[in-house]
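Participant: After the structure tokens below, expect a handful of questions from me.
The values are calculated or read from the model by the stated rules, or taken from the named source; none is laboratory data. The shown structure was predicted, so the numbers you read here are calculated from the model rather than taken from an experiment. Don't worry about glycine lacking a Cβ; one is built from the backbone with ideal geometry, like all the others, and counts go over all protein chains shown.
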Amino acid sequence: MGLSREQCDKLRAAYFYDGIRAMPSKEEPGKFGITIPLTESLGLEPAKAFARDEKLDEGSYGVVVSLVTESETDVVAVPKFVRDFIHDFGGALDFSFTVIYSDEVDVTGHVDP
């Protein structure tokens, strides 16, 4: 379930933060998904209140943890504030990761294709 433009505007207005993005849904024309890069200093209550106030079905939203790592086998721990948010917020939990080997990155951060 995507969000309407009005719902996106309502959620974005709850934050004084530039990193929030609305992206058109591929499955539902005219609907949108919202990304909010989580940081420990970002108050997460507005997102929780939004999901509660809009009566969103818990299966229609969630958290995507996206990681960039230099190792294919190390354990990557999710920070406590993210675990707490997921516990309080509910919804789906998805992971995405990209392995970038150190010999593929030059000193400027450029990754060779």
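Participant: Which of the residues belonging to the range 84-105 are surrounded by 13 or more Cβ atoms within 10 Å (Cβ to Cβ) and either at pLDDT 80 or above or part of a helix (DSSP H, G or I) (or both)?
Facilitator: Once the filter is applied, which keeps residues that are surrounded by 13 or more Cβ atoms within 10 Å (Cβ to Cβ) and either at pLDDT 80 or above or part of a helix (DSSP H, G or I) (or both), the range 84-105 yields Phe85, Ile86, Phe89, Gly90, Gly91, Leu93.
Participant: State which residue is surrounded by the most Cβ atoms within 10 Å (Cβ to Cβ) when the search covers only the range 1-49 and only residues that are at pLDDT below 85 and aromatic (Phe, Trp, Tyr).
Facilitator: This residue is Tyr15.
Participant: State all residues of the range 1-35 that are of a type outside the set (Ser, Thr, Tyr), part of a loop (DSSP other than H, G, I, E, B) and more than 15 Å from Asp53 (Cβ to Cβ); if no residue qualifies, say none.
Facilitator: The initial filter retains those residues of the range 1-35 that are of a type outside the set (Ser, Thr, Tyr), namely 1-3, 5-14, 16, 18-24, 26-34.
Next, from what is left, pick out any that are part of a loop (DSSP other than H, G, I, E, B): 1-2, 14, 16, 18-20, 26-31.
Within the range 1-35, Met1, Gly2, Phe16, Asp18, Gly19, Ile20, Lys26, Glu27, Glu28, Pro29, Gly30, Lys31 qualify.
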